[in-house]
Amino acid sequence: MKTLYFDCFSGISGDMTIGALLDLGLDFDYLKSELKKLAVDGYELGASRVTRSNLSAMKFDVLMGGREKHEHQQHLDHGHQHEPHESEHDHDPGGSHFHRKASEILTMIRESSLNANTRRIASDIFTKLAISEGKVHHIAPEDVEFHEVGAVDSIVDTVGAAIGFDALGIERFLCSAINIGSGFIHCQHGVFPVPAPATADLLRHATIYQKHVQTELVTPTGAAILAAVVNRFEAMKGFAIDRIGYGAGTKQFPDFPNCLRLMVGEERAASMGSGSSSPVIVIEANIDDMSPQNFGYVTETLLAAGALDVFTVPIQMKKSRPGQLLQVLAPPDLADALSRIILQETTTIGIRRHSAERTILAREFVTADTEFGPVKIKVSRMDGEVVNFAPEYEDCARIARERNVPLKRIQSLAVTAYMNGKGK
């Protein structure tokens, strides 16, 4: 499963996230074309390679009227003090006093022609942001208002991040402990400690720390991205890195790189040796009164939350009713959270749980070079000998769509290339 690891040693913001995604390989022209599917204008995008304490990184900019604007109003430039929050009664040099409610922005995202996965991710991020801002100001999330500049900036950052996650095919998200910085920020309503109130609310389930600099390192938009997509906040363990991207923040520190590092790769459990065993929790429920189409949504939700596997088995229940046995394999530390999802998202009124041991073959990914492009091959070994190998479906399906070639041909070519020693 393709996994993205947020390494937040210098915090996170929306523009840093997109910068790192560009550094990972997100096509800038594709990003711009996808953002044009939203009913938003009056801005330009910029991307350039910069250096932060001798570390090369991509800097992503949103330009409004020729000037860079990032995380304005509720959202600040990374590493900068808050600009004063603008209310409906503040002076507006342009004379427009135009604001957008969160509900209007969410409707815009949902009704856009972006693909379904991008719309879902962007809506989740913006909803998290609106909920936390609403708590801070004691108003309903849908009534949270953004001044036009702040609205455009927030839309570009949240939707841009969603476009990047979708384009890179990310299936799971992990996050390190987060350096939030320290000190105080100056806002229209006074002086507040780091992290800002909305940011603190969004980081409720994350591990945070303060080190190196006296400034704010995590913006509300950056925190909302983490709150919406991260499956687990934990130190890196058993992670095989494929690609690394760095996104630059605005401010430069003398001897500390103001960057967000994103790493894409695959999780490898520490116990994935030949024939090794690891404990799992099996969660199951008998269901006979739920619409069949809902099982797909439940499966996706459970897998996104960290389930190791989800499957259903047809069963015959009491009174001769046909039903489905839903079974979920869960890491022990996620069993409670996954149980809650089952109870919330299905019609069952009870679940069963028991411990089990699973034996896992050592596995790795190699790349097979075909005439239509590289395809990842998952290789499993026992006692050092290859016992199974298979081309990754997502790679094959993507190439089949792009090249208008039958899927089974791509799969066959990938297997042949691997067998002929063209894997690496």
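The values are calculated or read from the model by the stated rules, or taken from the named source; none is laboratory data. The model shown is predicted, which means the values in this text are computed figures rather than measured ones. In this analysis, Cβ positions are derived from the backbone assuming ideal geometry, glycine residues included, and neighbour counts consider all displayed protein chains. Side chains are part of the model used for accessible areas, which takes the heavy atoms of the whole protein and leaves out ligands, DNA and RNA. Shrake-Rupley method; radii C 1.70, N 1.55, O 1.52, S 1.80 Å.
In region 409-422, the residues that are aliphatic (A, V, I, L, M) reach residues that are open to solvent by 50 Å² or more (accessible area, probe 1.4 Å) with C-beta atoms within less than 6 angstrom, at least six apart or across chains, in these pairs: 417/369. Screening 334, 325, 303, 338 for residues that are out of contact with any Pro (no Cβ under 6 Å at 6 or more places or on another chain) and either polar (S, T, N, Q) or open to solvent by 40 Å² or more (accessible area, probe 1.4 Å) (or both) leaves exactly one candidate, 303.
If the condition is being within 30 Å of the chain's Cα centre (by Cα), closer than 19 Å to residue 294 by Cα, open to solvent by 30 Å² or more (accessible area, probe 1.4 Å) and of a type outside the set (S, T, N, Q), then region 342-361 contributes 343, 345, 351. Meeting the requirement of 2 or more residues that are farther than 25 Å from residue 335 by Cα and within 19 Å of the chain's Cα centre (by Cα), the strands (runs of 3 or more DSSP E) wholly within region 156-252 are 239-248.
Determine if region 353-371 includes at least one residue that is modelled with pLDDT of 90 or more and within 30 Å of residue 332 (Cα to Cα). Yes, that holds for at least one residue.
Among the residues making up region 373-401, those that are free of Cβ contacts under 8 Å to residues at least 24 places away in the same chain and either open to solvent by 70 Å² or more (accessible area, probe 1.4 Å) or part of a loop (DSSP other than H, G, I, E, B) (or both) are 374, 378, 385, 393, 401. Go through (1) buried (at least 17 other Cβ atoms within 10 Å of the Cβ); (2) within 27 Å of residue 241 (Cβ to Cβ) for residue 123 and report which single condition fails. With (1) buried (at least 17 other Cβ atoms within 10 Å of the Cβ); (2) within 27 Å of residue 241 (Cβ to Cβ) applied to residue 123, the lone miss is (2).
When 116, 196 are checked against the criterion of being hydrophobic (A, V, I, L, M, F, W, C) and more than 27 Å from residue 256 (Cβ to Cβ), a single residue qualifies: 116. Apart from one condition, residue 421 fits all of (1) part of a loop (DSSP other than H, G, I, E, B); (2) closer than 27 Å to residue 281 by Cα; the exception is (2).
Restricting 139, 131 to residues that are open to solvent by 10 Å² or more (accessible area, probe 1.4 Å) and outside any helix (DSSP H, G or I) narrows the list to 139. In this structure, is residue 75 of a type outside the set (S, T, N, Q), at pLDDT below 90, crowded, with 23+ Cβ neighbours inside 10 Å and not in a helix (DSSP H, G or I)? Here the answer is yes, as residue 75 does meet what is asked. Restricting attention to region 115-155, the residues that are over 18 Å from the mean Cα position of the chain (by Cα) and hydroxyl-bearing (Ser, Thr, Tyr) total 1. Kindly evaluate residue 261 against the criterion of being over 29 Å from residue 175 (Cα atoms), in contact (Cβ under 8 Å) with a residue 24 or more places away in the chain, of a type in the set (Lys, Arg) and open to solvent by 40 Å² or more (accessible area, probe 1.4 Å). No; evaluated as a whole, the condition is false for this residue. Checked against the criteria, residue 171 does not count as more than 26 Å from residue 300 (Cα to Cα) and charged (D, E, K, R).
Which residues, taken from region 39-50, are on the phi < 0 side of the Ramachandran plot and in contact (Cβ under 8 Å) with a residue 40 or more places away in the chain? The answer is 39, 40, 43, 45, 50. Is region 155-166 home to any residue that is farther than 23 Å from residue 20 by Cα and open to solvent by less than 10 Å² (accessible area, probe 1.4 Å)? Scanning region 155-166, I find no residue that is farther than 23 Å from residue 20 by Cα and open to solvent by less than 10 Å² (accessible area, probe 1.4 Å), so the answer is no. Taking the listed residues 232, 204, the one that is touching an Asp or Glu at 6+ places or on another chain (Cβ under 9 Å) and either of a type in the set (D, E, K, R) or loosely packed, with under 15 Cβ neighbours inside 10 Å (or both) is 232, with no other qualifying. Only one of the listed residues (356, 307) is of a type in the set (A, V, I, L, M, F, W, C) and either without any contact (Cβ under 8 Å) to a residue 60 or more places away in the chain or assigned to a helix (DSSP H, G or I) (or both). That residue is 307. Looking only at residues in region 235-252 that are touching a Ser or Thr at 6+ places or on another chain (Cβ under 8 Å) and at pLDDT below 90, the one that is surrounded by the fewest Cβ atoms within 10 Å (Cβ to Cβ) is 235. For region 85-132, filtered to residues that are over 26 Å from residue 199 (Cβ atoms) and of a type in the set (A, V, I, L, M), the residue that is modelled with the highest pLDDT is 114. Could we say that residue 151 is surrounded by fewer than 16 Cβ atoms within 10 Å (Cβ to Cβ), touching a helix residue (DSSP H, G or I) at 6+ places or on another chain (Cβ under 8 Å) and at pLDDT below 90 here? So residue 151 does not fit the description; no. Annotation: residue 369 fulfils all but one of (1) in contact with a Gly (Cβ under 9 Å, 6 or more places away or on another chain); (2) open to solvent by less than 60 Å² (accessible area, probe 1.4 Å); (3) touching a residue at least 24 places away in the same chain (Cβ under 8 Å); the unmet one is (2).
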